[in-house]
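Chemist: What follows is a single structure, and I will ask about it in a moment.
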Amino acid sequence: MSAKHHENRDFRQYLREDNDDLQRYFRKLRTCAAITADALKCNDNCVAVRRKRIHVDSNDRVDAALGKEKDTVMDCVKQMKEFTGIIEKQIEINGESKNRLIRDFTLKQEAVSLDHRAAAVAVDSKYQSRRANFDADNLELRDVGPLQRMSEYQEWVENTAVNLNASSKARTRSRKIVQRLIATMRDLAQVMRQEAINVENTLKDSIRTWNEWRDSLQGQLNAKDKDIKVADAAIEEISMSLRLKGSPLQIALARQNQRCLRPGIELCNDKAQHALQAELNNLKSSMLSLELSLDKAKESRRKLDGDRYKLQRKLEICQQNVAVDYELLRQIRATYPQEIQLSGFLVGELPKAIVK
C-alpha cells in the first residue's frame, strides 16, 4: 500500500477530529445565540416596564442606555448569524472533503486489490492448471505483475494529491474559524456585559435621583401639613373672636335701640349717645376686620390645600417611578445573562430539543 494511501487515512482522521471540534463549537455558538436572545428579551421587558412611568421625559438617561444596549445586542446577534453561515458553509466543505477522501480511499483499495489479483494470475498455482487449456500460440502470459499498477496511475496520484491538499486547507480554515469564533464571542460577551453594567449603573443613579426628589417632596409635604395646621388654628381663633364680638355688638345695638324710644330723641344728642355710637362703630369695624381676616385665612387655607394636593400628586408619581426602576433593577435585570453565559464557551451543551 502506497504512502499516499496511508496519508489519505491519516488526513481523514485529522479532518474528522477538526470537523468534530467545529461541530462542537457550532453548538456552543447556538447556545450563545439562545442566551443572547434572552438578553434581548430582558432589554425589551425593561423598555415595556418603563412605559408604566408617569409624567416623565421619555428620553431620559436610562432609556438612552437601554437603547444603546439593544443596538449592541442586535449587532452581536447579527455577527452570530454571520458566523453561523460561515460555519455551516465550512461544515459542508468539510463533508465534501471527507467524502472525496473516502471515495479516493475506497477506489485505491479496489485498485490495490485488482493489482494483487493481476499479479497472482501468473504465479499462483491454482492458475497453472488452466494454461494447458489455452492455445500457446495465441496466448501470452507474463510471469511478473503488470507493467504499471492501477493504484499508481499518474492521474490517480494527482487526484489524491488534490484531495489531500483540499482536506488540508479545510482543516486549516476550520481551526482558524474556531479561533476567530472563540475570540469574537468572548469580545461580544464583554461588550454586552459592559452595556448591561452601564444600564444598571444608570438605573441606580435614576433611583437615587428619584429617592432624593421623593424625600424632598415628603419634606415639603410635611411642611405644608404644618402650615395647614397653623392656618386651621388661625381660622379657629378668628372664628372664636367673631363669636366673642357678637354679644357686645348685640348689646350695643340693644342699648341704642332703647335710647331711640325716648321722647324727643331728636334733641337727645348727649355724651352717652355719642359713646354708644362710637362703641357701635368700633364693634362693627372690629367685626368687619375679623371677617376680612377670616376670608383671607380661608383663602390661604384653600391655597395650602391646592399646594398640598400638587405635592401629594408629585409624591405619588415619584413613588410610582421609583417602584418601576426598582422592579427593573431587582427583578428584570437580575435575569440578564452573565458574561460567562454570554460567551457560550463555559456553559454546557444545548438540550437535544434545541440542537435539533
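The values are calculated or read from the model by the stated rules, or taken from the named source; none is laboratory data. Being a predicted model, the structure only gives us computed values, none of them experimental. Note that we place each Cβ from the backbone using ideal geometry, even for glycine, and neighbour counts take in every protein chain shown.
Chemist: Among T202, T184, which is the only one that is in the same structural domain as L29 (by TED's automatic domain parsing), closer than 30 Å to K310 by Cβ and assigned to a helix (DSSP H, G or I)?
Modeler: The unique qualifying residue is T202.
Chemist: What number goes with the only condition from (1) closer than 23 Å to C46 by Cα; (2) surrounded by 19 or more Cβ atoms within 10 Å (Cβ to Cβ) that L164 does not pass?
Modeler: L164 satisfies every listed condition except (1).
Chemist: Out of all the residues in the range 297-341, which are β-branched (V, I, T) and over 16 Å from W210 (Cα atoms)?
Modeler: I332, T335, I340
Listed here are the residues, each with its yes/no results for (1) crowded, with 20+ Cβ neighbours inside 10 Å; (2) modelled with pLDDT of 90 or more; (3) under 11 Å from the mean Cα position of the chain (by Cα); (4) under 17 Å from V191 (Cα atoms).
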| position | (1), (2), (3), (4) |
| --- | --- |
| I54 | no, no, no, no |
| S58 | no, no, no, no |
| K68 | no, yes, yes, yes |
| I87 | yes, no, no, no |
| N94 | yes, no, no, no |
| I102 | no, no, no, no |
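Chemist: Let me ask something additional. Test R193 against the stated conditions and say whether it is modelled with pLDDT of 85 or more and of a type in the set (K, R).
Modeler: yes
Chemist: Would you mind finding the one in L242, L280, L290, L267 that is over 60 Å from the mean Cα position of the chain (by Cα), modelled with pLDDT under 75 and of a type in the set (A, V, I, L, M)?
Modeler: L267
Chemist: I've got another one for you. Out of everything in the range 273-306 that is among the charged types (D, E, K, R) and free of Cβ contacts under 8 Å to residues at least 12 places away in the same chain, what residue ends up being farthest from L244 (Cα to Cα)?
Modeler: Ranking the candidates gives K303 first.
Chemist: Still on this structure, I have one more. Among all residue pairs at least 6 apart or on different chains, which show Cβ distances below 6 Å where the first residue, located in the range 162-181, is closer than 12 Å to Y25 by Cα and the second is of a type in the set (F, W, Y)?
Modeler: V178/Y25; L181/Y25; L181/F83
Chemist: Do any residues in the range 36-47 that are of a type outside the set (S, T, N, Q) have Cβ atoms under 6 Å from those of residues that are assigned to a helix (DSSP H, G or I) and surrounded by 15 or more Cβ atoms within 10 Å (Cβ to Cβ), where the two are at least six apart or on different chains, and which pairs are they?
Modeler: Every condition considered, the pairs that remain are A39/V73; L40/V73; C46/L66; C46/L328; C46/I332; V47/L66.
Chemist: Do we have N198 as on the phi < 0 side of the Ramachandran plot and either of a type in the set (S, T, Y) or in contact (Cβ under 8 Å) with a residue 60 or more places away in the chain (or both) here?
Modeler: Against the criterion (on the phi < 0 side of the Ramachandran plot and either of a type in the set (S, T, Y) or in contact (Cβ under 8 Å) with a residue 60 or more places away in the chain (or both)), N198 qualifies.
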